[in-house]
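Bear in mind that the values in this text are calculations on the coordinates, not laboratory data. What you see is a predicted model, and the numbers here were worked out from it, not measured in a lab. So basically every Cβ, Gly included, is an ideal-geometry build from the backbone, and we count neighbours across all protein chains shown.
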Amino acid sequence: MPIYHKLGKIPAKRHIQFEKPEGGLYYEQLFGTIGFDGMASLMYHIHRPTQVMQVLESQDLTPKSANAHNMMMRKFIGFDVEPKDDFLESRVPMMFNKDCIIGVAAPKQSLREYFYKNADSDELLFIHKGSGTLRTQLGNISFEYGDYLVIPRGMIYQIDFDTDDNRIFYVESHSPIYTPKRYRNHFGQLLESSPYCERDYKLPEILETYDQKGEFLIKIKKQHQLHQLIYQYHPFDVVGFDGYNYPWGFSIHNFEPITGRIHQPPPVHQTFQTDTFVVCSFCPRLYDYHPKAIPAPYNHSNIDSDEVIYYVDGDFMSRNDIAKGHITLHPGGIPHGPHPGAMERSIGKTETHELAVMVDTFRPLMITENALKYDDGKYFQSWKE
Ligand SMILES: [Fe+2]
């Protein structure tokens with residue numbers, strides 16, 4: 001997250017004595033990535049953050065591949081995924097490779113019984129339905145429909161939902177999630193040509209600080225196992241932090257589309273980058289305005305990447321029979337494009353209200369056993385005349 005942020009109390013210099021009003025010292029923790037080369041924050045705890053009391057049994061969450069060599073265009077009905085009370089149990093991984101896991105979730109209840117940390121992955125949660133507050137060690141972020149929440153690996157968090165009707169599209173990324181490098185200048189500031197700017201970020205605001213002794217369960221995902229560690233003190237005992245590594249949010253509704261006289265390629269929609277996949281936002285926008293423009297995309301071969309599109313809202317001009325919550329997979333190696341009639345239908349149209357999130361992975365995706373339950377099984381033939 002290339003913007004400096006601080007919350008709460010911090011000492012005048014890093015790594016010096018930081019005295020508690022009642023006597024004694026606060027405990028400093030460096031929270032960084034990529035060894036000591038990546039983004040980092042320094043946080044200050046009331047208690048040492050290392051006080052493990054018990055290690056309980058682990059649960060294996062390794063995604064199970066049903067098809068390791070997929071060459072079929074597929075459509076999954078994401079809203080058929082059954083809502084579940086528990087935030088983690090509600091997650092249904094649909095596709096994965098060695099770089100990421102892509103899935104959907106319909107959690108009904110706030111996560112308050114335990115704390116969660118994903119030590120394998122940065123998490124990108126896209127809020128399709130629902131609202132609430134992401135509560136983390138480094139502050140809280142309120143969220144609503146259309147928000148992306150970026151939670152860096154290692155962040156301890158809980159989540160509150162305002163109602164039990166929630167739908168989330170998520171990506172767990174084994175490499176860090178950044179804003180695209182080409183949107184930033186040498187100093188990290190977002191350029192004038194970027195489709196969003198720093199003002200659009202939702203930064204953590206309220207720091208909840210607890211000085212509580214007891215038994216606090218943290219479920220920690222590491223190497224696809226969900227470990228359970230009991231800590232002696234409340235994990236939200238941070239009195240302040242500063243740095244660049246913290247959770248943040250961004251609303252898809254604040255993405256300012258880049259349009260042109262003729263069809264613009266998908267990279268203009270890019271929202272996030274990693275070393276192994278990109279995320280794009282397809283937002284309501286004016287169509288191409290050349291007198292002979294064809295607003296529908298041309299057929300294209302994404303030879304080097306698998307393309308996942310999660311459909312959020314509006315009309316999906318280039319597709320027939322697509323609804324909210326559907327997820328399509330167009331595997332690399334074969335071309336895809338508008339459905340029959342979609343190109344002709346698009347001519348003369350001046351705007352689109354489509355809203356969708358695209359994830360293009362650089363390595364092929366495997367389909368999970370769970371995903372097959374939601375696969376419509378016939379999408380691959382939907383381009384036939
Ligand atoms: Fe495509």
Work the Kirkwood hydrodynamic radius out for the chain: mean of 1/r over every pair of different alpha-carbon atoms, inverted, in Å.
-> 22.1 Å
Cβ-placed point charges (K, R +1; D, E -1), dipole of segment 1-130 about Cα centre in debye, nearest 20 | 360 debye
Plugging the Kirkwood radius over Cα pairs into Stokes-Einstein for segment 54-206, at a temperature of 20 °C and a viscosity of 1.002 mPa s, what D comes out in µm²/s?
-> 125 µm²/s
Which of the chymotrypsin sites (Phe, Trp or Tyr not before Pro) found in segment 15-68 are in a DSSP loop and have at most 10 neighbouring Cβ atoms, other than their own, within 10 Å?
-> Phe36
Give or take rounding to whole Å, what are the principal axis extents of the alpha carbon atoms in segment 329-385, in descending order?
-> 42, 26, 23
Across 5 Å bins from 0, what is the distribution of all Cα-Cα pair distances for segment 57-124, in whole percents?
-> 3, 12, 22, 25, 20, 11, 4, 2, 0
In percent, how large is the relative contact order of segment 230-304, given Cα pairs closer than 8 Å and 6 or more residues apart?
-> 27 percent
Once you charge only the Cβ atoms, +1 for Lys and Arg and -1 for Asp and Glu, what is the size of the charge dipole of the chain about its Cα centre, to the nearest 20 debye?
-> 600 debye
quick shape note, segment 93-161: Cα extents on principal axes in Å, largest first -> 31, 25, 20
If we count other beta carbons within 10 Å of each Cβ, what is the order of Arg153, Arg48, Arg74, fewest first?
-> Arg48, Arg153, Arg74
Calculate, for Glu385 and Phe36, the FRET efficiency according to 1/(1 + (r/R0)^6) with r their C-beta to C-beta distance and R0 56 Å; round to the nearest 0.05.
-> 0.45
If you keep only loop residues by DSSP, which trypsin sites (Lys or Arg not before Pro) in segment 229-325 have at most 12 other Cβ atoms within 10 Å of their Cβ?
-> Arg261, Lys292
Span per principal axis, largest first, for the Cα atoms of segment 23-77 (Å) = 64, 32, 24
Restricting attention to segment 1-107, which GluC sites (Glu not before Pro) occupy a DSSP loop and are surrounded by at most 12 other Cβ atoms within 10 Å?
-> Glu22, Glu89
